[in-house]
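What follows is one structure encoded as structure tokens, with my remarks underneath.
Derivation of every value follows stated rules applied to the coordinates shown; laboratory data play no part. This structure is a prediction, so every number in the text was calculated from the model and none was measured. With ideal geometry, Cβ positions are generated from the backbone for all residues, glycine too; neighbour counts draw on all protein chains shown.
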């Protein structure tokens, strides 16, 4: 039916930078994450100042090319990093889904918020008005 409930949000960004990180190096501020192997790290231009919860540090996932990529290190004020070692075709400018669907993979608002002990509406209400929005009808 045309009146069926539909997903109302997709939250995405893109890869701002890619870095090769040798085994033993620390990623981000302090010593929150140390590379246990040579890694390829993608940097996203989004952080807790954009409403992305710091509690996702070292535990959250994003979608790149339809594959889940783990967050590495701390969520910073204006950026965070993910491990794309297993996504060798990842490039600067590629779409990164924080909440929503990409290919056959999904990150739901509920699974995203449960891991950080937030209500869905609480999480959505924290998104700053400065984040661009596109209404799709």
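What the table below lists for this structure:
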| quantity | calculated |
| --- | --- |
| Exposure proxy order (Cβ contacts within 10 Å, fewest to most) of 127, 61 | 127, 61 |
| Long-range tail of P(r) for segment 1-73 (Cα pairs > 16 Å, %) | 58 percent |
| Value at 222 nm in deg cm²/dmol, rounded to 500, when DSSP H runs of n ≥ 4 in the chain each add -39,500 (n - 2.57) | -2000 deg cm²/dmol |
| Residue order, fewest to most surrounding Cβ atoms within 10 angstrom, among 29, 48 | 29, 48 |
| Rounded, prolate or oblate (a/c below 1.5 giving rounded, otherwise prolate when a/b exceeds b/c) for segment 91-137 by Cα gyration tensor | oblate |
| Taking segment 49-137 and dividing mean pair separation by its residue count, relative contact order in percent (alpha carbons under 8 Å, at least six apart) | 28 percent |
| Overall dimensions of the chain as given by Cα atoms, namely Rg and Dmax in Å | 15.3, 55 |
| Neighbour-count ranking [beta-carbon atoms within 10 angstrom, fewest first] of 98, 18 | 18, 98 |
